[in-house]
Amino acid sequence: MKKALKITITGIVQGVGFRPFIYRIATKHGLKGYVINRGGSEVEVWIEGEEANLRYFLKSLNREKPLPSLIYNIKIKEVIPKNYANFAIRKSIKELSSFSMIPPDIGICNQCLSEIKNQKSRWYNYPFNSCAWCGPRFSIMYRIPYDRVNTSMREFPLCEKCKAEYNDPNNIRRFHAQGISCPTCGPRIWLTDNLGQKIDVKDPLEEAARLIDEGFIVGIKGLGGFHIAALATDDNIVLELRKRKERPQKPFALMALDIEYIKSFGTLTDRHKALLESYEKPIVLIPKKNSPILSKYVAPGLDLIGVMLPYTGIHYILLSKTRDKFLIMTSGNKSGRPLIKDNDDALAKLKGIVDYFVMHNRKIVNRIDDSVVRLTNGNVSFLRRSRGYVPKWIHVPFKFQRSIIALGAYLSNVGSIAFDRYIIPTQYIGDMDNLENIDFLFDSINFLMSMYKVKWNSSIIVSDLNPAYSTTLVASRLASKYGVNHIKVQHHHAHIVAAAIENGIILDDRHAIGIAIDGVGWGTDGSVWGGEILLSSFKEFSRLGHLEYITLPFGDLSTKYPMLLLMGFILENEGEEKLISFIGDIDKKLLPSSFNYEILIRKFREFPKASSVGRFLELIGTILGIYPIRTYEGELEMKLESLARGGSIIPHVKFDVENGVIITKDVIRKIIELKNSFSVHDLAYTVLIRLGETLGSLAYDMAKEYGTEYIIVSGGAAVNDYIIRGIKKGVRNMKILFNKELPPGDGCISVGQTVISNFILK
Ligand SMILES: [Zn+2]
Ligand SMILES: [Zn+2]
């Protein structure tokens with residue numbers, strides 16, 4: 001007897017070869033009907049035929065689905081057969097597609113890679129090989145839906161062979177695959193010197209590999225932008241790159257041909273391996289081996305190293321032709337500026353950094369940086385959520401009252417838009433201290449807004465509370481321009497709410513205890529917060545506890561010159577006489593050239609105060625003599641974590657808590673006192689573990705007192721293995737939640753902002 005089923009499949013089912021896959025399994029089992037993309041992230045399937053065949057279909061659906069697809073939910077309804085004559089892939093209806101998920105870029109699949117390696121294949125050595133399961137998506141999209149005419153692949157009409165494969169329903173990887181091409185019809189690659197003069201060679205990637213082996217630094221146009229490639233095994237070259245990039249200490253990421261080569265300089269667990277090989281292909285931080293192969297200047301002072309696998313044919317072919325089979329692959333930009341994506345821009349801005357360029361003629365529409373992940377005490381945490389993950393949306397269990405545009409905070413910023421039941425964070429943008437990055441933020445927000453038909457004049461604009469942030473200033477200007485609400489959200493409140501919503505926790509009329517730990521966020525008392533215990537709902541929060549304040553002499557300058565923090569501590573707690581004898585001993589290079597002792601004394605009471613974990617750890621790091629001047633965000637915290645590896649606890653170093661305030665001064669004194677009698681490893685380890693334990697047990701007490709169910713941990717310092725280990729111990733049996741799909745750092749702020757402002761409106 002003939003039966004019919006209407007199946008609605010939700011998940012990542014668009015732009016990943018899902019409809020051709022459905023077509024294939026339906027026709028294989030002799031079924032009739034159709035498949036169509038619906039709004040949201042849904043595919044609707046109608047199948048009719050013999051009951052047994054319907055069952056086979058459902059089995060295949062689960063077992064054989066394309067790799068990058070993800071099924072969240074399948075709804076099956078029995079319907080009356082309509083006697084369709086065949087099985088058809090129906091065209092998506094235009095209006096419905098306005099709500100479809102923009103597919104993220106997908107790292108090259110193993111099948112495409114084997115074609116590149118196979119001399120008999122027509123894709124042999126072809127850098128742009130891709131299929132329904134892999135290849136660029138978001139980075140080449142002008143608009144939705146993901147059809148070739150809406151991408152920069154529209155400039156490359158399919159040749160006869162490719163067209164035949166595109167139209168062949170039995171070609172599982174190329175049937176209706178929007179991005180396919182071949183050496184006959186696809187984009188081209190070439191080599192230039194750093195002035196843009198084309199160098200005539202047969203194989204530009206082979207020649208680029210040879211140049212890199214000889215010690216040259218080469219700009220490589222890839223998927224979401226340019227990389228800068230150089231040998232990772234030669235100290236002089238790494239130092240030269242540091243000089244040219246004006247990047248004295250910040251670690252460089254590596255790219256390795258395969259897992260085996262990574263083992264020569266890093267230690268991998270199965271979980272690291274799974275992350276590296278996932279189709280998102282992020283940079284994964286792994287423990288660095290003490291190996292003579294890798295230059296010590298690649299990641300100075302750190303025991304973790306960032307590495308990724310090739311995620312396009314370009315990268316794979318290049319690496320396969322190099323001597324080392326792994327290279328530095330750092331972002332192609334000027335320090336702190338947006339990643340460069342266009343050929344002309346690369347020539348203008350990178351010519352002083354690289355010696356040669358590998359370029360190609362496929363336009364990058366949306367620039368997107370490599371994502372960065374690590375394992376923190378066993379959990380995956382994002383340091384940067386970008387390529388491979390963006391612009392996936394976050395589905396929330398409530399409906400936004402109005403569309404919301406959130407501009408985030410200031411450092412490592414990400415914006416978000418929210419509407420209906422979705423929040424869509426932008427790709428990683430960067431620090432909001434220059435116009436180029438601010439433009440990039442608005443380009444990215446505007447792109448998402450136009451895709452999802454969100455308008456400025458009917459939205460709410462949200463920013464951080466900090467009145468000095470460029471994003472706050474712009475938000476207020478835009479709000480008055482469009483005559484809409486501007487809501488300001490406290491930084492750490494946003495952290496906690498972002499982590500809650502990612503875990504599907506609704507804090508509508510109930511509260512949770514949050515531990516928000518980071519470098520800097522404007523507090524409601526005008527001080528710098530960053531070591532906070534908050535009682536938080538979506539709408540409001542109260543501050544139940546925090547780290548004791550320390551003074552930030554000369555404000556922000558003390559972030560760059562942490563020696564100022566130590567001087568401030570001595571002045572405040574030990575007196576001026578002690579400070580004078582201390583100053584006599586320190587190297588003046590550790591202080592800003594503008595340093596003036598008279599002003600330090602005279603203005604000391606006027607300087608801002610901070611309860612920030614970041615500043616506290618920088619002060620500890622300075623005592624331990626880790627580094628003189630901070631050159632990148634989080635530098636000292638990362639180096640302190642590296643030092644703590646292998647340390648053990650010093651039993652009598654403990655924090656006191658008075659009325660919810662974690663007293664830091666006694667621990668600081670103790671560390672100064674014990675500096676010469678214990679190893680730096682033990683000292684660093686003890687401070688981090690004890691700080692975590694104290695935060696955790698304070699949060700535990702508060703959760704008991706207020707009867708809350710969860711403790712939620714977020715903030716940039718929540719990627720520190722030892723602090724998290726301490727917190728886990730401190731909260732005992734209480735349920736603890738972390739950011740999962742968003743960075744615990746400021747990359748999650750704009751998501752929290754959208755949720756909070758929606759509930760403030762209520
Ligand atoms: Zn593929
Ligand atoms: Zn072709």
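The values are calculated or read from the model by the stated rules, or taken from the named source; none is laboratory data. Treat the numbers as computed from the prediction; the structure is a model and nothing was measured. Here Cβ is always computed from backbone atoms with ideal geometry, including for glycine, and neighbour counts include all displayed protein chains. These area figures cover heavy atoms from the full protein model, side chains too; ligands, DNA and RNA do not enter into them. Shrake-Rupley method; radii C 1.70, N 1.55, O 1.52, S 1.80 Å.
What residue, among those in region 116-125 that are open to solvent by 10 Å² or more (accessible area, probe 1.4 Å) and within 16 Å of ligand 2 (Cβ to nearest atom), is farthest from PRO169 (Cα to Cα)?
ASN125
Quick one: count up the residues across region 737-762 that are among the hydrophobic types (A, V, I, L, M, F, W, C) and crowded, with 24+ Cβ neighbours inside 10 Å.
6
Given the options GLY696, GLY646, name the one that is among the small types (Gly, Ala, Ser) and in contact with a Gly (Cβ under 6 Å, 6 or more places away or on another chain).
Matching residue, one of GLY696, GLY646: GLY696.
Please list, ordered by residue number, the strands (runs of 3 or more DSSP E) wholly in region 1-94 having 1 or more residues that are touching a residue at least 60 places away in the same chain (Cβ under 8 Å).
So the answer is 2-12, 32-38, 70-79, 87-89.
Filtering region 643-653 down to residues that are part of a loop (DSSP other than H, G, I, E, B) and under 26 Å from PRO744 (Cα atoms), which residue is nearest to the chain's Cα centre (by Cα)?
It comes out as ARG645.
Go through region 169-207 and report how many residues are within 16 Å of ligand 1 (Cβ to nearest atom), among the aromatic types (Phe, Trp, Tyr) and at pLDDT 95 or above.
Of the residues in that region, 0 qualify.
Please go through region 344-367 and pick out each residue that is under 25 Å from PRO157 (Cβ atoms) and out of contact with any Lys or Arg (no Cβ under 7 Å at 6 or more places or on another chain).
Once the filter is applied, which keeps residues that are under 25 Å from PRO157 (Cβ atoms) and out of contact with any Lys or Arg (no Cβ under 7 Å at 6 or more places or on another chain), region 344-367 yields ASP344, ARG362, LYS363, VAL365, ASN366.
Report yes if ILE228 is within 16 Å of ligand 1 (Cβ to nearest atom) and either modelled with pLDDT under 95 or more than 18 Å from CYS112 (Cβ to Cβ) (or both), otherwise no.
Judged against the criteria, ILE228 is not a match.
How many residues, within region 330-347, are in contact with a helix residue (DSSP H, G or I) (Cβ under 9 Å, 6 or more places away or on another chain) and open to solvent by 40 Å² or more (accessible area, probe 1.4 Å)?
4
Just one of ALA230, ALA132 is within 16 Å of ligand 2 (Cβ to nearest atom), within 23 Å of GLY107 (Cβ to Cβ) and of a type in the set (A, V, I, L, M); which is it?
After applying the criteria, what remains is ALA132.
If you take just the helices (runs of 4 or more DSSP H) that sit entirely in region 560-642, which of them hold at least 1 residues that are surrounded by fewer than 17 Cβ atoms within 10 Å (Cβ to Cβ)?
In region 560-642, 563-574, 576-585, 597-603 are the helices (runs of 4 or more DSSP H) which contain 1 or more residues that are surrounded by fewer than 17 Cβ atoms within 10 Å (Cβ to Cβ).
Given the criteria assigned to a loop (DSSP other than H, G, I, E, B) and within 14 Å of ligand 2 (Cβ to nearest atom), does GLY196 qualify?
So GLY196 fails the test.
Scan region 663-712 for residues that are touching a helix residue (DSSP H, G or I) at 6+ places or on another chain (Cβ under 6 Å) and not in a helix (DSSP H, G or I) and jot them down.
THR664, ILE711, ILE712, listed by residue number.
Here's a check for you: in region 142-153, which residue that is away from ligand 2 (no atom under 14 Å from the Cβ) and either crowded, with 24+ Cβ neighbours inside 10 Å or closer than 17 Å to PRO20 by Cα (or both) is modelled with the lowest pLDDT?
PRO145
Answer yes if at least one residue in region 149-156 is in a loop (DSSP other than H, G, I, E, B), under 30 Å from TYR356 (Cα atoms) and aliphatic (A, V, I, L, M), and no otherwise.
No: zero hits.
Which ones in region 354-368 are open to solvent by less than 10 Å² (accessible area, probe 1.4 Å) and farther than 24 Å from CYS185 by Cα?
Result: VAL354, ILE368.
Quick check on region 542-549. Is at least one of its residues open to solvent by 10 Å² or more (accessible area, probe 1.4 Å), part of a strand (DSSP E or B) and in contact with a helix residue (DSSP H, G or I) (Cβ under 9 Å, 6 or more places away or on another chain)?
yes
With respect to the numbered conditions (1) assigned to a helix (DSSP H, G or I); (2) touching a residue at least 60 places away in the same chain (Cβ under 8 Å); (3) open to solvent by 10 Å² or more (accessible area, probe 1.4 Å); (4) among the aliphatic types (A, V, I, L, M), which one is the sole condition not fulfilled by ALA164?
(2)
Which one of these does LEU31 not meet: (1) open to solvent by 10 Å² or more (accessible area, probe 1.4 Å); (2) more than 16 Å from ligand 1 (Cβ to nearest atom); (3) at pLDDT 95 or above?
The number of the failed condition is (1).
Confirm whether SER139 is away from ligand 2 (no atom under 15 Å from the Cβ), at pLDDT 95 or above and at negative phi.
Considered against the rule, which asks whether it is away from ligand 2 (no atom under 15 Å from the Cβ), at pLDDT 95 or above and at negative phi, SER139 comes out as yes.
Mind listing just one residue for me: the one in region 1-28 that is within 31 Å of the chain's Cα centre (by Cα) and among the small types (Gly, Ala, Ser) and, of those, surrounded by the most Cβ atoms within 10 Å (Cβ to Cβ)?
GLY15
Which one of these is buried (at least 22 other Cβ atoms within 10 Å of the Cβ) and not in a strand (DSSP E or B): LEU327, LEU268, LEU275?
Among LEU327, LEU268, LEU275, only LEU275 is buried (at least 22 other Cβ atoms within 10 Å of the Cβ) and not in a strand (DSSP E or B).
Report yes if SER114 is within 15 Å of ligand 1 (Cβ to nearest atom) and small (Gly, Ala, Ser), otherwise no.
yes
Restricting region 458-470 to residues that are farther than 11 Å from ILE405 by Cβ and of a type outside the set (Gly, Ala, Ser), which is most open to solvent (accessible area, probe 1.4 Å)?
Per the criteria, the residue is PRO467.
Looking at (1) of a type in the set (Asp, Glu); (2) under 30 Å from LYS363 (Cβ atoms); (3) free of Cβ contacts under 8 Å to residues at least 24 places away in the same chain, which is the only condition GLU280 fails?
For GLU280, the exception is condition (3).
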